1. Arranged by the count of other C-beta atoms within 10 angstrom, fewest first, what order do TYR180, TYR30 take?
2. Rounded to whole Å and sorted largest first, list the principal axis extents of the Cα atoms in the stretch 47-143.
3. Could you list, in their original order, any pairs among LYS63/LYS101; LYS63/LYS136; LYS83/LYS158 whose Cα atoms are separated by more than 27 Å?
4. Take the stretch 35-89, drop everything but the C-alpha atoms, weight them equally and run the Debye formula without solvent; then report log10 I(q)/I(0) at 0.18 Å⁻¹ to two decimals.
5. Under 11 Å from the Cβ of SER54, count the other residues' Cβ atoms, weight Lys and Arg +1, Asp and Glu -1, and hand me the total.
Amino acid sequence: MLNRQTLTTLFAAASLSLLSLGAQANEPRYNQVALRAEVNREIAHDLMHVTFYSEAQDKDPAKLAAQITTELNQAMGLARSVKGVQVALGSRHSYPVYDDKGQRITAWRERAELRLESADFGALSTLTGEMLQSLKMAGMHFSIASPTRKAEEDALLKDAVAAFKARAQLATEALGGSGYKLVSLNLNSGGFHSPMPRMAAMKGAAMMMEAAVTPEVEAGSSQVSVSADGVIEVMMP
């Protein structure tokens, strides 16, 4: 067995070792620099979305609902016959219409939406012209498909890291350092930013509803950005 003196020596050595580790952990780190690099790219929209609606009014709510349902079913049948077009029902609601005094219900009004999506702009544009013969257009917009979004973000992540390294090297040279160590690095996607719809496009949609012709479309693009935020420690000679 160990005697008391030996145990005391061992405990003292262990205490000194722990104090040394604690001191190292609390040592201040010098020559740290926070940096940020950002890269961005314009990405062409590759998905087209069109929302149609049917709206009517009748004194008989059951008759009204049947009319709206018939129009939607016919439109969905037409849309499903076009290859590459995704079809989905949107919102649908009805509400009472009151007389001038607001006391008695005189009729019911109902509105239902149908949403179409496709990567084939030509096919959906032609279908839009046909759909406008029976439905009205609530809106048209363009977006970027999820696989395209992921591929572009992955590519930009590599560019953002390369840009951060270049900036870190510049900072090191400016401080007269011999090199640097990476302390931390955070990569963030700034998302996609689409321009606001133009009034001319909205007026064109109104004209299409009246003329029921195949609309010409311009998909446009969105900007995606990825940033690299990090801290480096410059090693001085």
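Readers should treat all values here as calculations from the given coordinates under stated rules, not as data from a laboratory. Here the structure is a predicted model, which is why all the values come from computation and not from measurement. A quick note on method: Cβ atoms are made from the backbone with ideal geometry, for glycine too, and the neighbour counts reach across all protein chains shown.
1. Working: TYR180 21, TYR30 8.
If I rank by nearby Cβ atoms, fewest first, I get TYR30, TYR180.
2. Principal-axis extents of the Cα atoms in the stretch 47-143, largest first: 50, 23, 19 Å.
3. Numbers: LYS63/LYS101 25 Å; LYS63/LYS136 20 Å; LYS83/LYS158 37 Å.
Check vs 27 Å cut-off fails for LYS83/LYS158.
4. With no solvent term, the Cα-only Debye profile gives -0.76.
5. On the way: positive: ARG92, ARG111, LYS136; negative: GLU55, GLU71, GLU110, GLU113.
Surrounding charge for SER54 is -1.
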